[in-house]
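Asks: Have a look at this one.
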Amino acid sequence: MDVRNSRSGSVLSARRMALLATTIAGFGAAVLFVAPNFAPNASLFGTAAQAQNLTDKVQQLPQRPVGFADIVEKVKPSVISVRVKMERKVDPGLNDEDLPFPPGSPFERFFRRFGMPNTPNGKEVITGQGSGFFITADGYAVTNNHVVQNAENVTVTTDDGKTYDAKVIGTDPRTDLALIKVDGKDFPFVKLAEASPRIGDWVLAVGNPFGLGGTVTAGIVSARGRDIGAGPYDDFIQIDAPVNKGNSGGPTFDVDGNVIGVNTAIFSPSGGSVGIAFAIPADTVKSVIAQLRDKGTVTRGWIGVQIQPVTPDIAESMGLKQATGALVSEPQPDSPAVKAGIQSGDVITSVDGMAVHDARELARRIGTMAPGASVKLGLIRKGDEKTVTLTLGTLPNEKQADNAPQNQREIPDSDIPKLGMKLAPASKVSGTDGTGVVVTDVADGGVAADHGFQVGDVILDVGGTAVSTPADVRKSLADARKEGKHAVLFRVKSREGTKFVALPLGNA
């Protein structure tokens with residue numbers, strides 16, 4: 001019994017000492033950070049000099065506010081709710097004469113509510129909602145293009161509950177930005193940030209999710225330079241502040257109250273926020289909104305080339321040291337590129353002396369320049385470095401893509417079984433211009449299928465040599481193998497345009 005009591009007492013004492021140690025440690029931390037003028041005891045922290053040194057370091061730590069209330073109070077009045085109305089045609093379905101129930105009867109009301117659309121004249125009014133923010137005191141505000149696109153009526157509601165009619169000044173679908181204007185003065189407004197945010201910086205997203213009114217969420221910048229497939233100028237800031245439907249067009253702020261981006265998209269398998277949102281960077285917003293305010297439209301510089309990334313396989317097949325730059329798959333007719341002598345297969349590596357790392361970067365860089373500007377492009381052509389100077393054109397409003405024709409077999413196919421596709425001369429296939437070799441069949445799971453080849457694609461050249469028959473393709477493959485290459489470059493015209501594809505030679 002004495003032994004059991006002794007053990008029980010020992011365990012209890014150990015538990016008390018563990019709790020006491022935690023309390024002391026927590027108290028020590030609290031003393032150091034809440035009361036930094038307190039000089040720690042030298043017996044706990046070493047010599048008196050070491051203790052003083054620790055105190056000095058604590059006092060030098062940056063003092064940050066505990067919350068974001070001061071920032072929110074400053075910026076929230078500038079954020080607005082944007083509401084739009086538009087009409088669309090619908091099938092009117094049954095009309096009143098087709099109903100077997102007397103007007104106003106319970107059956108008529110039930111049927112109309114659950115079965116028959118109430119759409120006189122075959123039209124229905126659709127309403128939508130997003131967010132925005134004032135950038136000037138006289139009522140200019142930024143929102144998303146997809147918020148106000150095709151809207152017949154736009155109204156905004158400010159943080160104090162007042163409602164105003166708004167006019168759409170201009171939109172830019174390529175960056176999903178829009179500029180609207182409210183008549184009035186002395187509106188609270190915010191500024192676009194001068195510096196780009198760093199990964200890990202605190203951010204605040206303000207908007208009207210689900211129409212709930214002004215809502216604030218906080219998070220950090222989790223990534224930059226994101227490409228989400230929205231367009232050729234994708235360069236989104238990724239944030240982890242919760243953003244939901246209705247936040248579109250709203251601002252993301254830094255801790256100084258400056259707008260670092262405009263919320264435009266979320267990654268949402270469920271339809272709600274999962275903690276990944278994307279914002280258009282302030283630099284992009286500045287250049288686009290300035291043009292929309294001055295001209296109502298956005299004009300961009302244009303080289304006139306189809307470009308694609310330089311993959312490791314492509315780099316190896318072209319003898320490049322690094323998989324970097326933008327590969328020109330085809331210059332467009334009568335474009336500045338053609339006039340400057342840029343050729344298919346050139347790899348653009350710099351613009352005005354600044355390195356171009358990939359095709360997206362080239363598109364963004366040129367897109368920020370004004371038509372008529374003179375630029376110097378550094379490029380690699382068949383292993384040699386060159387520089388060409390050209391004058392930028394104006395990016396066309398509509399991209400005219402050359403679709404590959406729907407080809408029909410008129411002659412027996414020629415097999416290249418190890419690549420998993422069948423070919424025929426384009427000159428023998430109707431619906432083509434007679435140039436190149438047409439892909440007439442692609443084997444499931446084969447090398448060609450794995451690299452994106454489709455029936456109807458037209459192979460223009462292989463390994464830099466133009467081809468017009470399946471025999472030409474075989475010869476180019478054999479030549480590449482003799483030269484010790486592990487992959488060979490195909491230039492292919494598809495429904496999406498002209499591109500280069502590197503196919504491995506291991507089994508060909």
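Values quoted throughout were computed directly from the atomic coordinates according to the rules given, and no laboratory measurement underlies them. This one's a predicted model, so the numbers in the text were calculated from it and none came from an experiment. Neighbour counts run over all protein chains shown; Cβ positions are idealised from the backbone, glycine included.
Asks: Using Stokes-Einstein with the Kirkwood hydrodynamic radius over Cα pairs, what translational diffusion coefficient do you get for the range 229-329 at 37 °C and a viscosity of 0.692 mPa s, in µm²/s rounded to a whole number?
Replies: Values: Rh = 16.6 Å.
Answer, rounded: 198 µm²/s.
Asks: Which links in 418/493; 74/295; 295/376; 422/493 stretch past 25 Å when you go from one Cα to the other?
Replies: Values: 418/493 21 Å; 74/295 31 Å; 295/376 28 Å; 422/493 16 Å.
The answer is 74/295; 295/376.
Asks: By per-residue mean of other Cβ atoms within 10 Å, what is the highest-first order of 129-136, 319-326? Show your work: numbers first, answer last.
Replies: Details: 129-136: 23.5, 319-326: 16.6.
Result, highest mean Cβ count within 10 Å first: 129-136, 319-326.
Asks: Ranked by Cβ crowding within 10 angstrom, fewest neighbours first, how are 302, 202 ordered?
Replies: Values: 302 19, 202 16.
Fewest-to-most Cβ neighbours within 10 Å comes out as 202, 302.
Asks: Sorted by mean Cβ packing within 10 Å, highest first, what order do the peptides 71-80, 332-341 take?
Replies: Working: 71-80: 20.4, 332-341: 15.9.
Top of the packing list down: 71-80, 332-341.
Asks: Here is a follow-up. Cross-link partners among lysines for residue 321, C-alpha distance below 17 Å, same-chain residues fewer than 8 apart left out?
Replies: Leaving aside lysines fewer than 8 places away in the same chain, those within reach of residue 321 are 382, 386, 485.
Asks: Given the peptides 156-167, 234-245, 352-363, arrange them by the average over their residues of other C-beta atoms within 10 Å, most packed first. Provide the component values of the computation, followed by the final result.
Replies: Working: 156-167: 14.6, 234-245: 21.8, 352-363: 16.5.
Top to bottom by mean Cβ count within 10 Å: 234-245, 352-363, 156-167.
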